[in-house]
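The values are calculated or read from the model by the stated rules, or taken from the named source; none is laboratory data. As the structure is a computational prediction, the values presented were derived from the model and not from experiment. Reconstructed Cβ throughout: ideal geometry from the backbone, glycine too, with neighbour counts over all protein chains shown. Ligands, DNA and RNA are excluded from the accessible area calculation, which covers all protein heavy atoms including side chains. Shrake-Rupley method; radii C 1.70, N 1.55, O 1.52, S 1.80 Å.
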Amino acid sequence: MNNKSITFTSNIRFVNRAVYDKLSKSNRIYYDHNRVNLLKADEFFSEEIRTCTGGGLVNPKSEAEGFHFWDDAPNRKNFSEYINRLFRFVKNPKRGLLLGGKELEGHPYSIEQIEKFKKVFLERVENLSIFEKYRYQNAETHFHYSLKNDTWTLLTTFRRDKNSGMRTVKNIDDLLECFENIFIAEGDRLFIGKKEILPENFPQIFV
């Protein structure tokens, strides 16, 4: 994932519900079999990424596509075809983001699916940021991407147990608690709210 001649810097920003809801959003990516779950556009968003895998591929200032891949048997069977479609729309992505995956009863393909995406993306995407495997059953993420400012905006929530209230990722401790594996690609900048999380303070998550 290293690239010694980085030209662009992507922003990854975790926000609260109020900020996310105020975003002007267009080009929604759905995740059922009756709608398109892959979209190439200058702006896109998707919601309720739980056991699914979501994210996108980007050539900054040029082109981008997002996806939301449902973790079921038909998609498992058609995985290779889906990957071919992804990289046909954005052939040589410089940057990308991948998130999702969860161990949850009734969803046997969730972890297998994100691991397959991760393997392919690491081979074909120069700089890849990853938020992999929720630690809690009720965790989910909504995301929005804008090519204009090369920014991913994410709203991630989780509940520790059935007796706890829903929490929003609002600081680095929440983020580290929510996801089992986090990798921030070289050149990407991570923000939680208005605060930037710097590599020198958390080297364990910056590639």
Selection status of E103, in contact (Cβ under 8 Å) with a residue 24 or more places away in the chain, out of contact with any Asp or Glu (no Cβ under 9 Å at 6 or more places or on another chain), within 15 Å of T53 (Cβ to Cβ) and among the charged types (D, E, K, R): yes
Check on H142, touching a residue at least 12 places away in the same chain (Cβ under 8 Å) and in a strand (DSSP E or B): yes
Residue tally, condition open to solvent by 20 Å² or more (accessible area, probe 1.4 Å) and either in a loop (DSSP other than H, G, I, E, B) or modelled with pLDDT under 95 (or both), over the stretch 149-171: 11
Residue satisfying all of: in the stretch 31-54; out of contact with any Leu (no Cβ under 9 Å at 6 or more places or on another chain), part of a loop (DSSP other than H, G, I, E, B) and loosely packed, with under 15 Cβ neighbours inside 10 Å; modelled with the highest pLDDT among these: D32
Filter result for the condition that a residue is modelled with pLDDT under 95 and either under 19 Å from I12 (Cβ atoms) or under 15 Å from the mean Cα position of the chain (by Cα) (or both), over E126, E115: E126
Answer residue from the stretch 65-115, given it is part of a loop (DSSP other than H, G, I, E, B) and of a type in the set (D, E, K, R) and is most open to solvent (accessible area, probe 1.4 Å) among those: E105
Selection count, the stretch 1-30, where residues are of a type in the set (A, V, I, L, M), surrounded by 14 or more Cβ atoms within 10 Å (Cβ to Cβ) and at pLDDT 95 or above: 5
